[in-house]
Amino acid sequence: MRVLRISGLVLMVLSLGVGISYAQTAKECYDKGIEYGSQGRFEEVEEEFKKALKIDQFYVPAEAGLKIIEDVLEKRVKNEFAIHLFKGAAYDSKGMFDEAIAECKKAIAINPNYAEAHTNLGLAYGDKGMFDEAIAECKKAIAINPNYAEAHTNLGLAYYNRRILTLG
């Protein structure tokens, strides 16, 4: 009986470790993808994001990134626009928030009606602690695409972090 409990515990610990490793690997694939995107290597971006989603089917950043890649490959957005957007994501991932903000603004200057660009700018503002600006950008994204769930989520997080949202 004791052996079964110990082996069950070992299996549980091992399965938790596998889950953690999957999440790290999905993020690593995503990070590699945004680096490729900032270099304009879009086919490789798609490959990395798909790898991330095979590892973790709920990895939202890779899912959102695939939409951008689809828009690039289908010529719905300019390559230059996507490069700025991916550079912004890469800088944000590295904690270089001013650079991320600048790149997202360059993308928005090229295509001001792309909801994901406003959401990415809002994320960079939020990561920098500029919650009023984050709220404004998320609202712009929602005005462009009212069904864009990530913009709604990030808007809620920005309000929460600004201590406007009262829980309970």
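The values are calculated or read from the model by the stated rules, or taken from the named source; none is laboratory data. Small disclaimer: the values here were computed from a predicted structure and weren't measured. All Cβ positions, glycine included, derive from the backbone under ideal geometry; neighbour counts span all protein chains shown.
The table for this structure:
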read-out: Given (1) in the same structural domain as residue 159 (by TED's automatic domain parsing); (2) at pLDDT 95 or above; (3) surrounded by 16 or more Cβ atoms within 10 Å (Cβ to Cβ), number of the condition residue 93 does not satisfy; value: (2)
read-out: Selection count, segment 112-168, where residues are under 22 Å from residue 102 (Cα atoms), among the small types (Gly, Ala, Ser) and in a loop (DSSP other than H, G, I, E, B); value: 1
read-out: Checking residue 163 against (1) within 20 Å of residue 39 (Cβ to Cβ); (2) free of Cβ contacts under 8 Å to residues at least 24 places away in the same chain, the condition it does not meet; value: (1)
read-out: Residue that is assigned by TED's automatic domain parsing to the domain that holds residue 38 and either farther than 22 Å from residue 27 by Cα or not aliphatic (A, V, I, L, M) (or both), where the choices are 63, 116; value: 63
